[in-house]
1. Of the residues Ser122, Ser157, which single one is under 32 Å from the mean Cα position of the chain (by Cα), open to solvent by 40 Å² or more (accessible area, probe 1.4 Å) and either more than 26 Å from Leu26 (Cβ to Cβ) or at pLDDT 80 or above (or both)?
2. Identify, please: which residue in the stretch 85-104 is closer than 19 Å to Phe133 by Cα and in a helix (DSSP H, G or I) and is, among those, least open to solvent (accessible area, probe 1.4 Å)?
3. Determine, yes or no, whether Ile114 is open to solvent by less than 90 Å² (accessible area, probe 1.4 Å), of a type outside the set (D, E, K, R) and within 30 Å of Val52 (Cα to Cα).
4. Looking at this structure, is Leu127 more than 30 Å from Cys8 (Cα to Cα) and open to solvent by 60 Å² or more (accessible area, probe 1.4 Å)?
5. Scan the stretch 172-185 for residues that are touching a residue at least 24 places away in the same chain (Cβ under 8 Å) and either surrounded by fewer than 16 Cβ atoms within 10 Å (Cβ to Cβ) or touching a His at 6+ places or on another chain (Cβ under 7 Å) (or both) and jot them down.
6. Considering Leu82, Leu107, which residue is within 30 Å of Glu188 (Cβ to Cβ), in a helix (DSSP H, G or I), modelled with pLDDT under 80 and not hydroxyl-bearing (Ser, Thr, Tyr)?
7. Just wondering, is there one or more residues in the stretch 57-76 that are within 13 Å of the chain's Cα centre (by Cα) and either over 30 Å from Asn134 (Cβ atoms) or modelled with pLDDT under 90 (or both)?
8. Inspect the stretch 131-141 for any residue being in a helix (DSSP H, G or I) and open to solvent by less than 20 Å² (accessible area, probe 1.4 Å) and give the result as yes or no.
Amino acid sequence: MVCGGFTCSKNALCSLNVVYMLVGLLLIVVAAWRKGFGIVSSIHIIGGVIAVGFFLLLIAIVGLIGAVHHHQVMLFFYMVILFIVFLFQFGVSCSCLAMNQGQQEKLLNSSWGIMNNDTRISLEKRLDCCGLFNDTQSQGVFVSDLNLCDAPCVKKSPCLTCGEKMLQHSSEALKILGGVGLFFSFTEILGVWLAMRYRNQKDPRANPSAFL
């Protein structure tokens, strides 16, 4: 059965907003999960992704309500805010994908440097690693951290450095968040266009003599 233009637009807009809600939740969950590794929270882009996911989730709910009730004021604000979310999401996603390993190492080094010994030891236990990076620039700090390290791996076998593990976690998070965010950011342009089209259509349930 072929649906009418109004019904098709309504169904498409509702379906699209359900997808936006799922994408928003996915961005929040993945970013919060990786942020839970402690040092990864120093990458502020991940915090930006959580903010984008939160606003995308909220505006998707507004869009869904506006589509169901054909509420023109809600649909107008939905179009404007969704376009703004698109701009932020596109920028944040590109930043996630563009951040290379060298930039991540600088962020990790700066965050590690301001941590006290208790915080470092706690993080080492949680990630089961010792020290940050075993390189010539921070050899003295690494040796000091190694002597204080109380991670479970110390009793079993040589430990991996925390820098290796953190880079792995942060790289995975940035790739997932950047890829998902970038892909679905383009669908938000479709959402803006579809909301504009649907908003200007006559509701067949309304009074035929009423103006839009």
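1. On the way: Ser157 fails: under 32 Å from the mean Cα position of the chain (by Cα).
Within the list Ser122, Ser157, the selection yields Ser122.
2. Out of the qualifying residues, it is Gln104.
3. On the way: open to solvent by less than 90 Å² (accessible area, probe 1.4 Å): no; of a type outside the set (D, E, K, R): yes; within 30 Å of Val52 (Cα to Cα): yes.
Answer is no for this residue.
4. Values: more than 30 Å from Cys8 (Cα to Cα): yes; open to solvent by 60 Å² or more (accessible area, probe 1.4 Å): no.
The answer is no for Leu127.
5. Pass one, the stretch 172-185, residues touching a residue at least 24 places away in the same chain (Cβ under 8 Å): 172-182, 184-185.
If the condition is that a residue be touching a residue at least 24 places away in the same chain (Cβ under 8 Å) and either surrounded by fewer than 16 Cβ atoms within 10 Å (Cβ to Cβ) or touching a His at 6+ places or on another chain (Cβ under 7 Å) (or both), then Glu172, Lys175, Gly179 are the ones that fit.
6. Details: Leu82 fails: modelled with pLDDT under 80.
Only one candidate qualifies: Leu107.
7. We begin by selecting, within the stretch 57-76, every residue within 13 Å of the chain's Cα centre (by Cα); these are 57.
Checking which are either over 30 Å from Asn134 (Cβ atoms) or modelled with pLDDT under 90 (or both) leaves us with 57.
Looking for residues that are within 13 Å of the chain's Cα centre (by Cα) and either over 30 Å from Asn134 (Cβ atoms) or modelled with pLDDT under 90 (or both), one finds at least one in the stretch 57-76, hence yes.
8. Residues of the stretch 131-141 in a helix (DSSP H, G or I): 136-141.
After this cut, where a residue has to be open to solvent by less than 20 Å² (accessible area, probe 1.4 Å) as well, the list is none.
Checked against the condition, which is being in a helix (DSSP H, G or I) and open to solvent by less than 20 Å² (accessible area, probe 1.4 Å), the stretch 131-141 yields no hits at all.
The values are calculated or read from the model by the stated rules, or taken from the named source; none is laboratory data. These numbers come from a predicted model, not from an experiment. Cβ: placed from backbone, ideal geometry, glycine included. Neighbour counts: every protein chain shown. The protein model used for the area step is the full one, side chains on, heavy atoms only, and it has no ligands, DNA or RNA in it. Shrake-Rupley method; radii C 1.70, N 1.55, O 1.52, S 1.80 Å.
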